[in-house]
Amino acid sequence: MMCQVCGADGAEPHFGGVSCRACAAFFRRYVHSRKMQITCTCKQRLASSHPCRHCRMLKCIATGMIKCKVQATRERNKAKAVCLPGSISTISLLSCNIVPRECSNITCTVENWGEVDVKRKRLYGDSVFNLNFTQFSNITKPDTLLLWDLAVKIFPDIKLLSGSDKQAILCNFFPRWMMLDSAIGFCTSYEESSKYIASKDYTDMLLHFYGTSMPLEKRLKDKEIIQIFKPYWDFHYFETAVPIYFKKLDKIEYMAIFLLLLLDDAYANISEEGATLCRNIRKVVKRELKGYQTDNNCSEMRFISVMDVLLILEKAEEKIQEEV
C-alpha cells in the first residue's frame, strides 16, 4: 500500500489515515510540538526538496489523520462527569453513568458547556419567549459563533476549514440546532411544558413572537397568525420534542448529538476537503459515544436511538422551511 502523504511504499493505517511510518512519526511530532504557529516555507526551499512542515501536515489532515488520535496528547484518565448549568443541566438530572476513557472529547464538551451556557443566557435574556421573531433572528449569528468556538476548542482541526465551509456549516446547522435546543428546554420540565402548550399563554406567546415583528400597517389579525404559525409549533411539540423526551437521553448523549449535528459532512455547499474533515471527526464522536454506551451496558438499540434524533431534527427542519 502506498503512503497517501509522501507516496512511499509500506503504508498502513495511522491516526485515522493511511501513511508510512515516517509520515506517521512526523504527524505525532507535529501534534506534540509547542509551536503555536507554523507557516509555509516552500518558497524558500529548493524545488527538489520535500514539502515544508506546514504543507506536509495539511497532506496528513487531507488523508484523514486526526490530532486527537495521537494517544499521548489525551488526558484519558482525567475524564469526569460534570453537571451542565442552565437548560441542559436540568435534563442532566438524568445520570451521566460511568464515563469511559475513550469519551474524552465528548466529556470535554460537557465540561466546557457551562461557560457557553452563561454566554448564551446573556444573549437571550431570562426567557426566549420574551423575544419576538426579529430579535431572535438578530441573536442567531452570535449564538452560532459561540457554539462554533466550543467545537473548535474540542477539535482544533476545525480551524483548517475554509471561511466558506464554516459559513455553509453554520447556515445548515442552526435550524436543526434551534429545534434540538427548544426540545431540550421542553425536556427540562415535561409536565409544565405540556400544560403550557394547552394554555392561553402559548397562543399569546405566538402572537407576541410574530405579531410584534410585523409593521403595524401590515400586521396580520390575531386569528390569522394563530392559523398560520401554530401548526408548525404544534408539529415541533408532538413530532420533535415529545419523541426526544421519551428517549431519556443523558448529557453525554446530548453533547454527542450537538457535535454530530454541527459537523455533518452531508450539508450543502461544503467542499470535499471540508466534508472529509467533518466525516473524520464524526467518526471519533460516534466511536466515543459507542464506547460510553458499551461501558454502561446499553443495548445496541440505544446507539441507534440516539442516531435517530438526527433524523427527527432533519424532518423538523423540513417543516421549518415550509414556515419560512
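Each reported figure results from applying straightforward, stated rules to the coordinates on display, with no laboratory input. Model, not experiment: these values are computed from the prediction. Every residue, glycine as well, gets a Cβ built from its backbone with ideal geometry; the counts of neighbours run over all protein chains shown.
A few remarks follow.
- The phi torsions of the stretch 221-232, fed into the Karplus equation with coefficients 6.51, -1.76 and 1.60 and a -60° offset, translate into couplings of 5, 3, 4, 5, 4, 5, 5, 7, 9, 4, x, 6 Hz, rounded to whole numbers, with Gly and Pro shown as x.
- Dividing the Cα radius of gyration of the stretch 268-324 by its Kirkwood radius returns 1.11 for Rg/Rh.
- Ranking 133, 187, 307 by how far each Cα lies toward the positive end of the dipole of the chain (charges on Cβ) leaves 307 at the top.
- A Cβ-based charge dipole, computed about the Cα centre of the chain with Lys and Arg at +1 and Asp and Glu at -1, lands at about 1760 debye.
- Long pairs among 218/319; 221/319; 121/141; 251/283, criterion Cα-Cα beyond 21 Å: 218/319; 221/319
- Counting every other Cβ atom within 10 Å of each residue's Cβ, 55, 3, 103 order from fewest to most as 55, 3, 103.
- Segment residue 121..residue 248, full-extension length gain: 43.3 nm, with 0.36 nm per residue of separation and the alpha-carbon distance subtracted.
- Neighbourhood charge, 15 Å Cβ-Cβ cut-off, centred on residue 190 and excluding it, Lys, Arg +1 and Asp, Glu -1: +1
- Amide H within-cut-off set for residue 5, under 5 Å, with H built and near neighbours excluded: 20
- Candidates 164, 1, 225 compared by Cα position along the dipole of the chain: farthest toward the positive end lies 1, with charges placed on Cβ.
- Built amide H within the under 5 Å cut-off of residue 17, gap 5+: 65, 66
- Taking 0.36 nm per residue of separation and subtracting the Cα-Cα distance, full extension of the segment from residue 287 to residue 239 would add 14.5 nm.
- Each of 26, 62, 258 was scored by the projection of its Cα onto the charge dipole of the chain, and the greatest displacement toward the positive side belongs to 26; charges sit on the C-beta of Lys, Arg, Asp and Glu.
- Taking only the Cα atoms of the stretch 193-317, the radius of gyration and Dmax are 19.4, 60 Å.
- Karplus-derived HN-Hα couplings along the stretch 180-191 (A = 6.51, B = -1.76, C = 1.60, θ = phi - 60°), whole Hz, x at Gly and Pro: 5, 4, 6, 5, 4, x, 5, 5, 4, 9, 4, 5
- Three-way shape label, the chain, alpha-carbon gyration tensor, a/c 1.5: prolate
- Over the C-alpha atoms of the stretch 120-216, the Rg to Rh ratio, Rh being the Kirkwood estimate, stands at 1.05.
- Table column - 3J(HN,Hα) (Hz), the stretch 259-273, Karplus curve with 6.51, -1.76, 1.60, x for Gly and Pro: 5, 5, 5, 5, 9, 7, 6, 9, 4, 6, 6, 9, 5, 5, 5
- Cross-link partners of residue 43 among lysines (Cα-Cα below 25 Å; sequence separation of 8 or more within a chain): 35, 59, 159
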